[in-house]
Amino acid sequence: MRLFRLSFTQKIILLPTIAAAALILVVGITVSLGRVNQERLESIRSGYYPSVQGSRSLQEILVALQRSLQDAVQDQNQRRLLEAEELSRRFESTRADLLKNPVANHAALDSIGRAFDEYYKLALAVAKRRINNEISEQLLVDKQQSEMAYNAIRRALGDITEQDTKAIEQAFLADKALQKSTSKRISVIAIIAMALLVGSAVYA
């Protein structure tokens, strides 16, 4: 057995070698965990949180736009429709900013953008016709369609918010699981290193 031919000096050197190897493993695992945690937290901070805030802002703008159209009809004042026009631009601007977010649901946002364009054109036309005191069956149909489109957009935005919120929760859960797994690995390495050190010390 070659191991039993080790000199006393080599046996003594074996002890710090084992300790150093265990320390390197622990440091490597810790650094790797820190890097993964940093990347995950950065994706939450600069990705999912802004995405949630953006989708909520879109919902708020959409609600304000619908209310401004209703107020314009109630006051019989077409000038109040300018407020709705401004809110429409804000909606598109906010959506465009949200599309720059890499974690945002781009397909859903594109679909919402098309649905919003159709909704706003129809809702604005309905508001103008109601201000002009038009009464017709087609107006009622168009009004119902615009309300259905409004509700569909709100649901779609709510779904995006819910998805991003769940993604944040899952990211934190994954981070917690990774920390637990890393702690177990470090504990195993420490136990093995301790056993090797004790065995090497007895052998030396």
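The values are calculated or read from the model by the stated rules, or taken from the named source; none is laboratory data. None of the values given here were measured: they were computed from a predicted structure. Every residue, glycine among them, receives a Cβ derived from its backbone with ideal geometry; neighbour counts consider all protein chains shown. We work out accessible area using only protein heavy atoms, side chains counted, and drop any ligands, DNA or RNA first. Shrake-Rupley method; radii C 1.70, N 1.55, O 1.52, S 1.80 Å.
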Discussion item. If you average the C-alpha positions of segment 144-170 and of segment 67-95 separately, how far apart do those two centres end up, in angstrom?
Written reply: 21
Fill in: Long-range lysine pairs (8 or more apart or interchain), segment 41-184, Cα under 16 Å
4
Worksheet item: Excluding ligands, DNA and RNA, what is the solvent-accessible area per residue of segment 30-141 at a probe of 1.4 Å, expressed in Å²?
Response: 59
Worksheet item: If we count every other residue with Cβ under 11 angstrom of His106's Cβ, Lys/Arg +1 and Asp/Glu -1, where does the sum land?
Response: +1
Worksheet item: If Tyr48, Tyr119, Tyr150 are ordered by their accessible area, calculated over protein heavy atoms with a 1.4 Å probe, which sequence runs from highest to lowest?
Response: Tyr48, Tyr150, Tyr119
Discussion item. How large a share of the accessible area of segment 79-131, in percent, is made up of carbon and sulfur atoms when the probe is 1.4 Å and the other protein chains stay in place?
Written reply: 50
Response to the item:
Under the 7 Å Cα-to-Cβ spin-label approximation, Ile186 and Leu25 lie apart by a distance in nanometres of 1.5
Response to the item:
Using the Kirkwood formula on alpha carbons, the hydrodynamic radius of segment 127-195 in angstrom works out to 17.2
Worksheet item: At a Förster radius of 41 Å, what calculated FRET efficiency corresponds to the Cβ-Cβ distance of Gln78 and Val103, to the nearest 0.05?
Response: 0.50
